[in-house]
Amino acid sequence: MEVKLAKTAGFCFGVKRAVDTVRTQIQEGAVPIYTYGPIVHNETVVRELEQKGVRVLNTLEELQNLTEGTVIIRAHGVGRRIYELLKERGIRLVDATCPFVRKIHRIVEKQEAQGRTIIIIGNAAHPEVEGIRGWCRKPSYVVESVQEAQNLTVSSSEKLCIVSQTTFNNNKFKDLVEIILKKGYDIIVLNTICSATEERQTEARQIASQADAMIVIGGKHSSNTQKLFEICKRECENTYYIQSLDDLDLKTSQSIRCVGITAGASTPNKIIEEVQKHVGIKF
């Protein structure tokens, strides 16, 4: 039996940079260390860092109550107000925002200053999108579904700028943009989906189309892993979404000749290797 592991599986540049940033702060003895929200969407990584003394702040109230320490901004980024708050309180800040996300912050800030209303293609509840909206001074809009795109209504005099959550499905982004473009607004479209995300999704689709079973590894809150699962499921009905080897219950069958494996951008190589080894031995 063949096991096909995606070359793009595992830590992306932004995630590796964020995790390395936290580890560097630990090594340099910066205590206490906090991250505002989980540094990345992977429970294994967050738990490992917590065991080394890194505490996750999950609410604005917790952040406001700090009197000392170092706060590391998560890879997903945050809004302008968080930077201002930390400066006001004299708390040391280390910015681990993914550079590709930070680029979107600069884009929306600039485009809004030029009079455009910001439309974000993505999940409104995702921290990256919340952070992007935090750089808008005027009301912004988030579109995730066909229905939301069809229902989008702004004044005909408004000029729009469309950006995307970096981990959004590229094909879905194009479909939603097409719907909005047909409304006739003055629109600038900037596809800010990370190139690594697009490459990961394309490779996952190709492997899933050839596999009898597909395994997608990643945190349950990971947006990019959820998108990978959706893509793979469309190509291969026998697709499994797991966080670690402990979750894997792969049904053995004589018909399984090829198992594909991919993983989200926040999945450590150790977990991927464990799954790959297990599948190779089991079959």
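Placing a label point 7 Å from the Cα of N191 along the Cα-to-Cβ line, the residues of segment 85-118 whose backbone N sits under 20 Å from it are 100-105, 107-108. Residues whose amide H comes within less than 5 Å of that of T267, counting only those at least five positions distant or on another chain, are G10, F11 (H built at 1.01 Å from N in the peptide plane).
Which of the GluC sites (Glu not before Pro) found in segment 178-283 are in a DSSP loop and have at most 12 neighbouring Cβ atoms, other than their own, within 10 Å? Write down the numbers at each step before the final one.
On the way: sites: E178, E198, E199, E203, E230, E235, E237, E273, E274; in loops: E237.
Of the GluC sites (Glu not before Pro), the ones in loops of segment 178-283 whose Cβ has at most 12 other Cβ atoms within 10 Å are E237.
Karplus-derived 3J(HN,Hα) values for segment 10-21, using 6.51 cos²θ - 1.76 cosθ + 1.60 with θ = phi - 60°, are x, 3, 8, 4, x, 5, 4, 4, 5, 5, 4, 4 Hz; glycine and proline are entered as x. Along segment 46-54 the Karplus relation, 6.51 cos²θ - 1.76 cosθ + 1.60 evaluated at θ = phi - 60°, assigns HN-Hα couplings of 4, 5, 4, 6, 5, 5, 9, x, 7 Hz to successive residues, with x for each Gly and Pro.
In loop segments of segment 152-228 as defined by DSSP, the trypsin sites (Lys or Arg not before Pro) with at most 10 further C-beta atoms inside 10 Å of their C-beta are K182.
Under 5 Å from the amide H of V189 lie the amide H atoms of I162, each residue being 5 or more positions distant or on a separate chain, with H modelled from the backbone and absent for Pro and chain starts.
Counting other C-beta atoms within 10 Å, and keeping those with at most 12, which DSSP coil GluC sites (Glu not before Pro) do you find in segment 27-122? Present the calculation step by step, with values, prior to reporting the outcome.
Details: sites: E28, E43, E48, E50, E61, E62, E68, E84, E88, E109, E112; in loops: E28, E68.
Passing sites in segment 27-122 are E28, E68.
Computed 3J(HN,Hα) for segment 230-242, one whole-Hz value per residue from the Karplus formula 6.51 cos²θ - 1.76 cosθ + 1.60 where θ = phi - 60°, is 4, 5, 5, 4, 5, 8, 9, 4, 8, 10, 10, 10, 10, glycine and proline marked x. For the chain, adding -39500 (n - 2.57) for each run of n ≥ 4 DSSP H residues and dividing by the number of residues yields -13000 deg cm²/dmol at 222 nm.
Any read-out appearing in this document is the output of simple, stated calculations on the displayed coordinates, not a laboratory observation. For clarity, every value in this text was computed on a predicted model and none was experimentally measured. Note: ideal-geometry Cβ built from the backbone for every residue, glycine included; neighbour counts use all protein chains shown.
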